[in-house]
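Visitor: Dropping a structure here in structure tokens format, bear with me for questions.
Derivation of every value follows stated rules applied to the coordinates shown; laboratory data play no part. Please read all numbers here as calculations on a predicted model, not as lab measurements. Positions of Cβ are backbone-derived with ideal geometry, glycine not excepted, and every protein chain shown enters the neighbour counts.
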Amino acid sequence: MADKTRITITLLVVLVVLLVGFVVYSFVIQPAIQGYAVQRQTEGVQIAVSEILKVVAQCQAFPLTVGNQTINLVALECLKQPQQVQEQGQTQGSQ
């Protein structure tokens, strides 16, 4: 009889330890890991966007590819510059 009681108590202790471990992991460790991953992803997006803006600000085309589709990103100001130069040249030439 004492042997069965000892086995039952041991089994209950193991189950309680597993339950506590699961609860600690679910509510403490996993959210901390996910928060760290989300923070790193956000930082990566910020770095990527700032690098794209640096290239585009220098009036260089930046190719963006998704799957098999590619578009070139160009700053609108860079597209207007040649027109403004042409307009100024035409205005000065007609004077």
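Visitor: Take the Cβ-Cβ distance between residue 38 and residue 10 as r, set R0 to 35 Å, and report the resulting FRET efficiency rounded to the nearest 0.05. Each step should come with its number before you reach the end.
Guide: On the way: r = 41 Å, r/R0 = 1.16.
Result of the calculation: an efficiency of 0.30.
Visitor: Please list the non-local residues whose amide H lies under 5 Å from the amide H of residue 73, H modeled 1.01 Å from N, same-chain partners needing a gap of 5 or more.
Guide: Here 62, 64 satisfy the definition.
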